[in-house]
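Asks: Structure below; questions to follow.
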Amino acid sequence: MTDDRMTPRRKPKISIDTIGGRKLTPATLMMGHGFDPVLSEGSIKAPIFLTSTFVFENAAAGKRHFEGITGARPGGAEGLVYSRFNAPNQEILEGRLALWDGAEDALVFSSGMTAICALMLAYCAAGDVIVHSGPLYAASEGFVAKILSKFGVTYLDFPAGATRGEIDAILAQAKEQAAGQGGKLAMIYLESPANPTNALVDVEAVRDARGAAFGEDGPPIAIDNTFLGPLWQQPIRQGADIVVYSLTKYAGGHSDLVAGSVAGAKKWLTPVRMLRNMMGGICDPNTAWMLCRSLETLELRMSRAGENAAKVCAFLKAHPKVARLGYLGMIDDPRQQDIYNRHCSGAGSTFSVFIKGGEAESFRFLDNLKIAKLAVSLGGTETLASHPAAMTHLSVPQARKDRLGITDNLVRISIGIEDPDDLIADFEQALAAV
Ligand SMILES: *Cc1c(COP(=O)(O)O)cnc(C)c1O
């Protein structure tokens, strides 16, 4: 029996990734990579495989597949087994997601937080230390501080804009702390740009600091790339090992699903895959199918949103009721600009606007928006606006809010793909009401 017949959907016959030596770009590959219509009645799109389990060709194939699932044989499963482990829609999605980041493989999850929690759990043991940049997405920070701490994992954090010297110092401190607890530095976990400040982490400096501190055998560098990825920033290029996403945001892009992923080299993903095999948390086939559909328009959507944001920010910057902007297209700090130039190919479409005044003025602005919807989240086709201090970051202690610059006049905006002049008209009338 040939491998092909035993594992048809895993080895598509048609998978054109190069033409005449030209490596095709993700924007092109999103329409077909990893799916062979011949295997599904000629269907141009992958059907949604609503099945919990897969029939083995024979008993020997079942044994071999389980060796891959349980880790008894390296390299992972070579066949479909059971939908908690792997399934066609999820595998097609994983293959396509990996392309955007130049990663070897990806794993999809039922939410961004499931991906982040599984990643950290897979790498941490009692006594270990996590070093992370700050601020992180509130639930990520909470998982480290409140959940992992229950299992004897401690953490150290450094501010997103930290210099090489500051990162060296925190790694040295982490080594010492880990030795004192009988553990190791398990992971360096980053989020860049940070929310809602948009402060960028110097991933290249983190990579160099790890190399200096650990040589070849350092802990993995993981990074939450939800705000700029995968179009405007691919942190594997700057030395990250594992890229994390809330696919709920730009990747899904229509505010109609919740999912997450991790991508990187197989050797980094294997422990995470093993944990997912045991624990579950893989995204469902319908969501995977919707994400494949979303990825076909990812570049179009993100490009348009980015162009819209640049126009809206140019308008807001000149407005007398706006104190300042936290937008990556208008950075005023030279070090941040240097990180941006080395790491990013676009400024994104999520930014902060500081209204002159305080909470009352910001609320008036928000309550008068007509096109922009008052909601948390980002990266959708529609423009959203929210007030971090009173919403997503309400539970952050005031002292930490002050340190992070999460003020009462900060409004966070995620620009969508509407007509930019309509959006400007909306912001103009809402500001007039302040
Ligand atoms: C939304 C978000 C998450 C969490 O993702 P969910 O899909 O909501 O679980 C994690 N990190 C960042 C930066 C996010 O914006």
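Throughout, read-outs are computed from the coordinates displayed, never taken from laboratory work. All of these numbers come straight from a predicted model, not from anything done at the bench. Neighbour counts are summed over all protein chains in view; Cβ atoms, including those assigned to glycine, are modelled from backbone coordinates with ideal geometry.
Asks: Where does each of 327-333, 87-93, 202-208 land if you order them by average Cβ count within 10 Å, highest first?
Replies: Ranked from most to least packed, the peptides come out as 87-93, 202-208, 327-333.
Asks: Still on this structure: Only Cα pairs under 8 Å and at least 6 apart count here; give the relative contact order of region 154-274 as a rounded whole percent.
Replies: For region 154-274, the relative contact order is 19 percent.
Asks: Which shape class, rounded, prolate or oblate, goes with region 106-150 when its Cα gyration tensor gives a ≥ b ≥ c as root eigenvalues, a/c under 1.5 marks rounded, and past that a/b bigger than b/c marks prolate?
Replies: Oblate, since a/c reaches 1.5 and b/c is not below a/b.
Asks: Considering only DSSP beta bridges with both partners in the chain, what is the antiparallel share in %, to the nearest 5?
Replies: 55 percent
Asks: State whether the chain is rounded, prolate or oblate according to the following rule on the C-alpha gyration tensor (a ≥ b ≥ c being the square roots of its eigenvalues): a/c under 1.5 gives rounded; otherwise a/b larger than b/c gives prolate, and the remaining case gives oblate.
Replies: oblate
Asks: Related question: Taking the Cα centre of region 338-408 as the origin, how large is its charge dipole in debye, to the nearest 20, when only Lys and Arg (+1) and Asp and Glu (-1) carry charge on their Cβ atoms?
Replies: Values: 8 positive and 7 negative charges, 18 e Å.
Dipole about the Cα centre, nearest 20: 80 debye.
Asks: Under a cut-off of 17 Å between alpha-carbon atoms, report the aspartates and glutamates in cross-link reach of LYS175, not counting same-chain residues fewer than 8 places apart.
Replies: Counting by Cα, and skipping residues close in sequence, LYS175 has these aspartates and glutamates nearby: ASP128, ASP157, GLU166, ASP208, GLU216, ASP217.
Asks: Something else now. Exactly which trypsin sites (Lys or Arg not before Pro) in region 132-205 are in a DSSP loop and have at most 14 other Cβ atoms within 10 Å?
Replies: none
Asks: Sort out for me the Cα centre separation of region 294-327 from region 86-108, rounded to whole Å.
Replies: Each part reduced to its Cα centre gives a spacing of 29 Å.
Asks: For the chain, modelled as a Gaussian network with Cα springs under 10 Å, which listed residue fluctuates most, THR70, THR287, THR226?
Replies: Looking only at THR70, THR287, THR226, the biggest GNM fluctuation is shown by THR70.
Asks: Same structure again: Net charge near ASP105: determine it from the other residues with C-beta under 11 Å of the C-beta of ASP105, scoring Lys and Arg +1 and Asp and Glu -1.
Replies: Taking every other residue near ASP105 into account, the sum is -1.
Asks: Still on this structure, I have one more. Choose one of PHE66, ILE371, PRO397: the residue whose Cα lies farthest towards the positive end of the charge dipole of the chain (beta-carbon charges +1 Lys, Arg; -1 Asp, Glu; about the Cα centre).
Replies: It is PHE66, whose Cα lies furthest towards the positive end.
Asks: Taking R0 as 25 Å, what FRET efficiency do you get between SER377 and ARG293 from their Cβ-Cβ distance, rounded to the nearest 0.05?
Replies: 0.85
Asks: Ordered by packing density, taken as the mean number of other Cβ atoms within 10 Å over each peptide's residues, highest first, how do 415-427, 16-28 rank?
Replies: Per-residue Cβ counts within 10 Å, averaged per peptide and sorted highest first, yield 415-427, 16-28.
Asks: May I ask you to compute the full-extension gain from ASP332 to GLU166, defined as 0.36 nm times their residue separation minus their alpha-carbon distance, rounded to one decimal in nm?
Replies: In short, 57.6 nm is gained.
Asks: What does the charge count around LYS175 come to, taking other residues whose C-beta lies under 12 Å from its C-beta (Lys +1, Arg +1, Asp -1, Glu -1)?
Replies: -1
Asks: What FRET efficiency comes out for the pair VAL55/ALA125, r = Cβ-Cβ distance, R0 = 35 Å, nearest 0.05?
Replies: Efficiency for this residue pair is about 0.40.
Asks: Excluding LYS267 itself, what net charge comes from residues whose Cβ is under 12 Å from its Cβ, given Lys and Arg +1 and Asp and Glu -1?
Replies: Numbers: positive: LYS266, ARG273; negative: GLU104, ASP105, ASP241.
Neighbourhood net charge equals -1.
Asks: How about LYS373: which lysines have a C-alpha closer than 25 Å to its C-alpha, ignoring those fewer than 8 places off in the same chain?
Replies: By straight Cα distance, LYS373 reaches LYS249, LYS311, LYS317, LYS321, LYS356, LYS401.
Asks: Taking the Cα centre of the chain as origin, sum charge times position over the Cβ atoms of Lys and Arg (+1) and Asp and Glu (-1), and report the length of that vector in debye to the nearest 20.
Replies: Numbers: 43 positive and 47 negative charges, 120 e Å.
The calculated dipole for the chain is roughly 580 debye.
Asks: Which listed residue (SER110, PRO196, GLN177) has the Cα farthest towards the positive end of the charge dipole for region 62-197, taking +1 on Lys and Arg C-beta and -1 on Asp and Glu C-beta about the Cα centre?
Replies: Working it through, the farthest residue towards the positive pole turns out to be SER110.
Asks: Still on this structure, I have one more. Could you give the length gained on full extension between LYS356 and ALA138, defined as 0.36 nm per residue of separation minus the Cα-Cα distance, in nm?
Replies: On the way: separation 218, 0.36 × 218 = 78.48 nm, distance 2.63 nm.
Length gained between LYS356 and ALA138: 75.8 nm.
Asks: Moving to a separate point now. Quote to one decimal, in nm, the extra length available between LYS146 and LEU24 on full extension: 0.36 nm per residue of separation minus the C-alpha distance between them.
Replies: Value of the extension gain: 39.5 nm.
Asks: With the contact rule set at Cα under 8 Å and sequence spacing of 6 or more, what percent relative contact order holds for the chain?
Replies: Reported relative contact order: 15 percent.
Asks: Report the relative contact order of region 1-160, percent, no decimals, based on alpha-carbon pairs under 8 angstrom and at least 6 residues apart.
Replies: About 17 percent, as a whole number.
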